[in-house]
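To start, the structure under review is shown below, and the notes come after it.
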Amino acid sequence: MIAGVFLKNFKAYSNLSFIPFIEDISEKVTVFIGENGVGKSTLLEAVNCFVRKLHPSHWEITVDQNGKSAANKTSAYIGVVFLVKKSDFPDAEALRLDHISDSFWQSDFSSTWPTDAVKSFEKWRKLLIGKRINEENYLIVIGKNYDDELKLTSFAHDRIMQQNKRNGLSRDNLIAVYECLLKSYGYIYIPVENRVADVLKLQALELQELMNKKIVDEIANIFEDKITDGHSIVDLINEKLNDYVLDINSKLNDGYKFESSGDDAGELKTSDIINLVFSEYFSRKILKKNGKNIKSLSSGQQRLALIDVVTTILGKNYSRVGKICLALDEPENSLDNLNRLNQFIKLFDLAKVSNHQILITTHWYGLLLRPVNGRLIFIDNGIDESEIENTRHDESIVARNANFNFRSFSLLNLYDQRRWFPDSVEMKSYFDLMASLWSVIRKSKKNWIVCEGYEDYQYLNYHLQGKIKDLTILPMNGCGNVKKFYELLRVPLSDKGERAEVKGKIFCLIDSDPTYLRVDNYTSHINLTFRKFLLNADGSELKLASVAEQNSRRTTIEDVVDVGVFIKCFQELCNYDPELSVLKNRIAYENSAKFIDISETLSFINPSSLTKADDILIKRCVAKDANKKFLANKYLEISPQEAVVLPWQQDIVDFFNA
């Protein structure tokens, strides 16, 4: 995958800068946000320049204070950081990938080049090594300077080459590595200013990359394959045409003759036929939607068509030679609130079900409230030297240069990191998402469940799939966020006129907690309700209680899922978590239990096999974020295709069907 970039004197990036895109190989989505002019699109464009082999003379070099770029050309550099699985490269030894990668995993660069960019790279590398990512992955930084020369970074290239000279590393190896990486990782970049209709032409490079087909090669193979006595279609065409010309010449008077001019043999070449196919055949094949030319659609409709085509093709199980990195510049552009949310849901779902990487720049922050296994990079203006000490302990800053700060957040638990998260972005995300969702439920009979976190989403999606029409489940990173969302939606629904126009329904659902989430003046509408899971004192009965109802015990969704399946998941957890491994051979399970109740009574375990210390250990371990994630993933993995009907399901179904 493309894990980051090094840039120097390219557009807004004057000094050497390192910008990481991911912090774990499981993160398939990276979203770049920030004000105009902070270099979001530049990051995607820089990668495109490198993978499309755009000659550096066409790069947009950073201009100096006098508006000139000539002085910066000699040091301009674009380097792409690749993090790739070792198992994907069987020819690694011939390419010297092990030796190149070892240099990047192990070398102390900052002692020789103590720049912010190099220090940021080593800090990021240390984080990956802490996750043992280096054991199964190659780390390669390769790029080009303004002389179009391949370089392993702009600073350490000569040292890495010299260190590995005895291992046979040569310039030819670098070229082979470059070509191998480009073949293995297709890059599709769609800038916001690109005409969608041009991208969706059959002959467009972007569409060819999506289909994992090079049309020029496909056509060439057709016409150059030997089909008769060692002759290709091109040979046969030329033979027939030459016979025709010779026949005419034989009938002309002396002195007249059809012949080629100059040194041209006059015969058709494969490239001539390809040009003809492109100009005559493909120009007649136009993408249409319901019989309407894509060019005649509005700008917003064209953007919708683009994401539809891209996600549909990449979502299919095509056997690909390589993986795709899809880079989209402001995919929400020209779309109304109704369609923005749907666009991002499609892209996030694509990343979840496929092995493709997605890079997005955006000004629409509503997507931030929907957890996905990815990374948010917030770019803001750089700080003065006098302010550096005040931000030195800001854990979100993963890189900085003279112009910008780069703050990194996990999109799975974004609001757990709110200490470092800009308030303006957090507030805008609520309003952007609420505005989109409000447009959706006003204009269509769409149904929504708004829940706390990604694990809640997984359980709800499994148990409710197919039971509620047009249902979307939206995890919101915590009960406090669900409450904020409910209160924002409650305002327009309190107006009788607005309420009459609403077609969709929203069910807000959270866990119960003894601290009690207070919602002032709570009222439930036919289109909007706010409930919580609540077991009674002894854990024998469950209800989806009003959020206004006070409670003295904790109840989570894990307490009320399928007991038999959860016990199997917990047994797997005891093998996964070393702290719980001491329990796996001595606790007995209650398969006949009505509920799990892992928050209080642990009713799925025979109490005679538990000590007080065991009780505390289990509750503490299950509360770990990593273990909650493990249990949810394992639950989906081993659950039967047809879900068991649980007591709380019918209440939710009845709300939407009423």
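The values are calculated or read from the model by the stated rules, or taken from the named source; none is laboratory data. On a predicted model such as this, the values are computed, not experimentally measured, just so you know. All Cβ positions, glycine included, derive from the backbone under ideal geometry; neighbour counts span all protein chains shown. Surface areas here come from the heavy atoms of the whole protein model, side chains and all, with no ligands, DNA or RNA. Shrake-Rupley method; radii C 1.70, N 1.55, O 1.52, S 1.80 Å.
For the reader, a short list of remarks on this structure follows.
- Backbone phi angles across the stretch 449-455, fed through the Karplus curve with coefficients 6.51, -1.76 and 1.60 (θ = phi - 60°), yield HN-Hα couplings of 10, 9, 10, 6, x, 5, 5 Hz in residue order; Gly and Pro are listed as x.
- Largest to smallest in accessible area, the residues Arg442, Arg375 fall in the order Arg442, Arg375 (1.4 Å probe, all protein chains included).
- Reachable lysines, given that their alpha-carbon falls under 29 Å from the alpha-carbon of Lys584 and they are not under 8 places away in the same chain: Lys131, Lys568, Lys594, Lys612, Lys619, Lys624, Lys628, Lys629, Lys634
- Karplus-derived 3J(HN,Hα), 6.51/-1.76/1.60, for each residue of the stretch 232-240, Hz, glycine and proline x: 8, 4, 5, 4, 5, 4, 4, 4, 5
- Global geometry of the stretch 485-636, whether rounded, prolate or oblate, following the gyration tensor of its Cα atoms and the 1.5 cut on a/c: prolate
- Crossing angle, helix 116-130 versus the chain [Cα axis fit, 0-90 degrees, rounded to tens]: 60
- Computed Kirkwood radius, in angstrom, where 1/r is averaged over Cα pairs of the stretch 19-160: 16.8
- Within the accessible area of the chain, the carbon and sulfur atoms contribute 48%, probe 1.4 Å, all protein chains present.
- At an R0 of 35 angstrom, the distance between the Cβ atoms of Arg159 and Asn381 translates into a FRET efficiency of 0.55.
- Contact order normalised by residue count of the chain, Cα under 8 Å, 6+ apart, percent: 12
- Placing one equal scatterer on every Cα of the chain and applying the Debye formula, the log10 ratio I(q)/I(0) at q = 0.07, 0.09, 0.10 Å⁻¹ is -0.59, -0.91, -1.08.
- Gain in span if fully extended, Asn575 to Phe258, counting 0.36 nm per residue against the direct Cα distance: 105.7 nm
- In order along the stretch 436-443, the Karplus-derived 3J(HN,Hα) couplings, from 6.51 cos²θ - 1.76 cosθ + 1.60 at θ = phi - 60°, round to 5, 5, 4, 5, 5, 6, 6, 9 Hz, and Gly and Pro are given as x.
- Taking every lysine pair in the stretch 1-102 that is 8 or more places apart or spans two chains, those with Cα atoms closer than 23 Å amount to 15.
- Shape of the stretch 80-196, Cα gyration tensor, a/c cut at 1.5: rounded
- Computed lengthening from Asp108 to Thr228, 0.36 nm per intervening residue step minus Cα-Cα distance: 37.0 nm
- Shape analysis of the stretch 270-336 places it in the oblate category; the axes a ≥ b ≥ c from the Cα gyration tensor give an a/c of at least 1.5, with a/b not above b/c.
- Once both labels are positioned 7 Å from their Cα atoms along Cα-to-Cβ, the gap between Asp538 and Ala626 label points is 3.9 nm.
- Exposure rank, largest accessible area first [Leu509, Leu471; 1.4 Å]: Leu471, Leu509
- For the stretch 500-658, the relative contact order comes to 20 percent (Cα pairs under 8 Å, sequence separation of at least 6).
- A Förster radius of 56 Å combined with the Cβ-Cβ distance from Val519 to Asn585 puts the calculated FRET efficiency at roughly 0.75.
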